[in-house]
Every structure is written in structure tokens, then in C-alpha cells.
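Only one structure is covered here, and it is reproduced in the block below.
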Amino acid sequence: MNVSWNEGYELIARTLVGEGFHLKSGMRPCFEGKMNVEGIDFHLRISRIDPKFEELPEVHLLHRPENLPALLPHLEPNNKLCYLDRLGQFLDPFYPARTMLVLLGHVRSTLEIIVNPDQSQNDFAGEFQSYWPSKLHGFLTSNNKRCISHFYDRVALDGTVSKELVVGASSSEINHWCRIRNGKESLSPRFESNAIVLQMDEALCYELEKIWPPKNMADFLGWTKSLSSSVEAQLLRALLPVTKECVSAVIILQSEKSGSFGVSLLFSSNLRKSVEKFRSNANKVLPGKHLDQFRTIVSNKLMVKNFYRLQVSDVTEKYIYERNLTTSSLRNYKIALIGCGTIGSQAAALLQKAGAGSGSKGQFDLFDRDILKEGNLGRHLLGAEYLMESKSHAVADFLLKNSSSQLNINAAIGVKVKNLSLLKHYDVVIDATGEETFSCLLASYLSDLRRDDQKLPIVLHTWIDAGGYAVRSLLDDGSGACYRCLKIQKNGADTGALVERYPLFNSVDKEEDMIVVTQRCGESYIPFSAGISSAAAGLVQQMVLEAVSENAGFKFRHQSHASFVKRTQDQNPKKSVNCPCCSPRLI
């Protein structure tokens, strides 16, 4: 039964009153009351109540209970309680009273975390960046211990200009980031500073008796020492040589649980003179006595003139390409993609998002003989900007322009039978040509090489079939069927008359209805939506990721996109005994 807005509000109001809350008069509809948790009374205000729960009700603490620290997790500066992450949570709008009780349960659970010191510190570490306020935003593109940093002016889509920071391993990496962020150089000469990037194993916490957040270098070093004396010592040893080279520096600390954050420092001209006596020890373990002296110097407000906290976004290859995956990423793999049409272009973008072309050993090579024409625009990754350009070169250019990191992506004209040997050196070869003759010749070539016990790449064939109503993909690693195995001799017909090993259609009549639309000579095409191409591209990404992991799935996959297409089961087909490419009987 659908509940009206007024009915839902009345049910929620009765529920809150039943839980000890009362309507606050003279204000927008809101309720006040208290919730006792572990003997502590929390006085709460619940407002902005939406009976349909498109938005969460806001919960504020009217005042903080005594004996609790000034800084608490899940509590914003205005005392607004962050009590629920909606991801994966179903708030049923048809039973508002019950849903309100569920929300009150989440409020109680959050308050139980706040009053438990151990849980409180643990959750604080998980949302640390929320307690590290900053007016400056930085982007970390490298995990190298020593990097360079650069401030630039970024022009937003609405024309507004803001200052941003990038920390990278090289000037080319910095330039790439500034270009994709639409950064413009200021009128002053370009200025790069040294940057220190330190990995922290320690869980981040705060000292209850200290003022938070750190406002100067002395506070910052004191806080890092409270985490671990080894963290502070590591930081000081890394900072010492930087003071010799630059008048400014950036320090980035990375924690697996808390993410990345940092500070930007501007040194006094007197600092270099003051630390000159430590110069001989810059590349050695600094003795404890000298470490204490160096700490005292850099903690002096006269030595570090400016101290700015930085909000830092991790855009390193490792984070970007591995964050969303349950398998290994494609970093450091050598991958060849043959065919950059409607499937291949979209597959290229998805493979790149999984790490193809990244890493010191990574290589992503694209092959296609065609140029992008106007008829391709309705299904291709690329737009009119690339019309009449080589598909492979255009897709490579698009990926390089839009990736968050510098990639090793190359483009070439399509692969023919006479130069198939160049594929031997890849880890993965993807056949997205949709050309059955080429796919069969590729399967035959690989079978010949495998008979010589040569180490070969795994090959993935992916194509659209059944007139655009089915997507199929076959992984050939030599252990099962090859592409040609999917065609078998037709019963009662002449030798060489073939049918699908796994029939596509529920009826012969429907199969005969599937036609190729001819527009002009050489411009034949099969009409289907770009969504079918996207489905095929998604299958490419998934099967390649599985193939490089230890949890490879079925080697033959089928997707039906119409009722008249058979629902063929995913499976691991064996070699066909009569396959002219790979059958042992024919060797």
C-alpha cells in the first residue's frame, strides 16, 4: 500500500514520540529527545524529516556530554551526526514507522562507537581526512619516496580558477597531470619543490589533550611522534636533504586505512645555514643527538615561515587501477588488442581503466586497418573529433589524453596473417575484429606454435552474433577448444558445410530472417545498439582480468539479448575432434 506524505509523517511522529522524543514548537518540524548510551545522556535534535526517505533525517547533538573529548568521530563541526552510509542500505518508504526505528538503531550504534575509546580511535583513523581541514587540494600521482611538486591554476568548466597541487615522480608526469586538469601556468616562472612521500603502517589517531589540527611544524612533528617515534625520525631524516635543495617542500603521508594527507612548507632563508652542520650526515642514519637538534631547528616558527595543511587525493596507478577490482589489475602486462571498432574501442577504454598500459613493464598495443567514418559514430567510443583518422591511432590518442597517469599505449595498422609472429611476445592477445576468417587463421597459427611447445599468449576472441542479438567470447589458452572448434560439420551436407556448434536461434525461420543491411558498396553493416557493443566490451574486460588471475571462469561465454536467441550455458568446451586447426587426429 502506498503511503501519502502526510500519512508517513504522522507515522514517523508517533514513532519518535513513542521513543521519548517530543515535537519542538516554534521551529520547522523537528523533534528533540535524549538517548542514553552506556550511562551517558545524548540530547538529540532530529529534523528535515522526509517520510519517503529520499534524504536522511538530520541528527544533531544539542550539546556534547561532559568527559568526552573535543574531537569525536562521525561528528561534524556543527555537531551534526553522520550515522549511516546509504550504500547497500534499503530504507523502505512503504513502512515509514519501521524505517524510522531502523534509523534510530543506527544513531544508537554510532553513539556507542563514540563512547568507546578503542572504537572511536579506530573509526577516527578511517575518516581521518574529514578531520584534516585545508584550503589547498593536492593530487598524488606517484608513490616514490622522493618526488617533485608543483602548484598550478586550474580552470574549471564554469571558468572559475583555483589553486591545486600535484606531486609526481618527474616533470613529464607533472606536465601530463596539469594538462588533463586544464591547468594554466601563472604569470610567475614555473616553480617546483621537492616532495617527500612516506608510507605509514601505524593507525592514525589524535592526542586528546592537544589542540587539533596541527597549526605549525612543531605541532605536526609532535603529532607524528605521538603516532610513533620511528615515523617522526623517518620524516626528519627524509626532510634534512630537502632543506639543502629547496626553499619549500611538500610532505605526504600515506596510510592504508586513512588515505593520503600532507603539509606544504616554506622555509626561511636562514634554515640552510642552520642545518649546514648536519650536511655530512644527510645520506646516513642521523645520530639521535643530531636528530633532536634538527627537530628543534625546523620546529622554530622563524625557520618554517608558512605551514599549510593539504587535502590529498591518491591518483597513483596502484590506487586507480586496483581499487575497484577483486582480481589482479592489468598493470605490467603486455596486451595486444586487434580491432578498434565498436567492440574494440570500448574494450580498450575498459582495459585501460583496469590498468592496461600502466606499470614499468606494461604495454598496450592497438591494431586496426580502418579509419573512423560517419557511420561508426553511433556505436564507437570516439566522436566527430576523430573522423577520418586511423581507428587505432585515434583510440590510443583518446586514452592517453584522458588517463590519470602516463601510459605505454601504442597504435599500429591491423595485423595480417603474414605478421602474426609479432603476437608471440604478448601476455594477452584480444581478437575483437569480428572477422571469422581472421579468427580462424589466428587460431590455426597458435595451434601450430603450440605443437612446438612454444610459450604463447592467451587469446580472447569476442564477437557479436545472431544479427546483433547475442554476444560471445572464447578464451583460448591451448587447453580446450579453439575458435574454429565452434564450427562443426553439418549433418548430411557436403564436406565443409558448417553449422554452429552451439546453435544461436530457437528456430530455423528466425535464423533466416537475420540479414545484413547494405548501404553502399563496402559499407555493409548489421544494425544493433551501442549497448550490445558495451556488453561485449564488458565481457572482454571481465574475462581478461579473470585470465590473468588464479580464478579464471568459463572459457566460453554467451549472452542472449532477445527471446528468439538460445540461452547457451557458459562452459569449457573441449577441442572438436574434426577441427582443422587444433584436432590431434588431424596432426
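Restricting the stretch 103-121 to residues that are among the hydroxyl-bearing types (S, T, Y) and at pLDDT 90 or above leaves a set whose member that is farthest from the chain's Cα centre (by Cα) is S109. Select from the stretch 83-102 the residues that are open to solvent by less than 40 Å² (accessible area, probe 1.4 Å) and either modelled with pLDDT under 90 or farther than 27 Å from L72 by Cα (or both) and list them in ascending order. Answer for the stretch 83-102, where residues must be open to solvent by less than 40 Å² (accessible area, probe 1.4 Å) and either modelled with pLDDT under 90 or farther than 27 Å from L72 by Cα (or both): D92, P93, P96, A97. Looking only at residues of the stretch 10-69 that are in contact (Cβ under 8 Å) with a residue 60 or more places away in the chain and either in a loop (DSSP other than H, G, I, E, B) or among the acidic types (D, E) (or both), we find that the one that is least open to solvent (accessible area, probe 1.4 Å) is P69. Of the candidates K225, K273, K244, the single residue that is closer than 22 Å to P69 by Cα and part of a helix (DSSP H, G or I) is K225. Checking the stretch 122-141 against the condition returns no match, with no residue being of a type outside the set (V, I, T), open to solvent by 60 Å² or more (accessible area, probe 1.4 Å), in a loop (DSSP other than H, G, I, E, B) and modelled with pLDDT of 90 or more. Taking the stretch 428-485 as the region of interest, how many residues are in a loop (DSSP other than H, G, I, E, B), at positive phi and either of a type in the set (K, R) or surrounded by 17 or more Cβ atoms within 10 Å (Cβ to Cβ) (or both)? Number satisfying all stated conditions: 1. Every test in (1) more than 25 Å from the chain's Cα centre (by Cα); (2) over 30 Å from H137 (Cβ atoms); (3) hydrophobic (A, V, I, L, M, F, W, C) is passed by L302 save one, and that test is (2). Filtering K334, K273, K257, K289 for residues that are more than 30 Å from D397 (Cβ to Cβ), in contact (Cβ under 8 Å) with a residue 60 or more places away in the chain, open to solvent by 20 Å² or more (accessible area, probe 1.4 Å) and charged (D, E, K, R) leaves a single hit, K257. Can you find a residue in the stretch 343-355 that is touching a residue at least 12 places away in the same chain (Cβ under 8 Å), of a type in the set (S, T, N, Q) and open to solvent by 10 Å² or more (accessible area, probe 1.4 Å)? Among the residues of the stretch 343-355, at least one is touching a residue at least 12 places away in the same chain (Cβ under 8 Å), of a type in the set (S, T, N, Q) and open to solvent by 10 Å² or more (accessible area, probe 1.4 Å), which makes the answer yes. Checked against (1) modelled with pLDDT under 90; (2) surrounded by fewer than 20 Cβ atoms within 10 Å (Cβ to Cβ), L157 meets all criteria but (1). Taking the criterion of being of a type in the set (S, T, Y) and farther than 13 Å from L407 by Cα, the residues of the stretch 340-396 that qualify are T342, S345, Y386, S390, S392. The residues of the stretch 110-121 that are assigned to a helix (DSSP H, G or I), surrounded by 14 or more Cβ atoms within 10 Å (Cβ to Cβ) and of a type in the set (S, T, N, Q), listed by number, are T110, S120, Q121.
Just wondering, is there one or more residues in the stretch 399-420 that are closer than 30 Å to S171 by Cβ, touching a Leu at 6+ places or on another chain (Cβ under 9 Å), part of a helix (DSSP H, G or I) and of a type outside the set (D, E, K, R)? Yes, because at least one residue in the stretch 399-420 is closer than 30 Å to S171 by Cβ, touching a Leu at 6+ places or on another chain (Cβ under 9 Å), part of a helix (DSSP H, G or I) and of a type outside the set (D, E, K, R). Note on the stretch 161-172: residues that are farther than 15 Å from K135 by Cβ and either in a strand (DSSP E or B) or free of Cβ contacts under 8 Å to residues at least 12 places away in the same chain (or both) amount to 3. Here A282 passes the criteria (1) modelled with pLDDT of 85 or more; (2) exposed (fewer than 15 other Cβ atoms within 10 Å of the Cβ) except the one numbered (1).
None of A396, A411, A384 is touching a His at 6+ places or on another chain (Cβ under 6 Å) and either farther than 19 Å from A354 by Cβ or open to solvent by less than 50 Å² (accessible area, probe 1.4 Å) (or both) except A411.
If you go through the stretch 512-561 and keep only what is among the aliphatic types (A, V, I, L, M), assigned to a helix (DSSP H, G or I) and either within 19 Å of G355 (Cβ to Cβ) or at pLDDT below 90 (or both), you end up with A537, L539, V540, M543, V544, L545, A547.
The values are calculated or read from the model by the stated rules, or taken from the named source; none is laboratory data. Since this is a predicted model, take the numbers as computed values, not measurements. A quick note on method: Cβ atoms are made from the backbone with ideal geometry, for glycine too, and the neighbour counts reach across all protein chains shown. These accessible areas exclude ligands, DNA and RNA; they are computed on the full protein's heavy atoms, side chains included. Shrake-Rupley method; radii C 1.70, N 1.55, O 1.52, S 1.80 Å.
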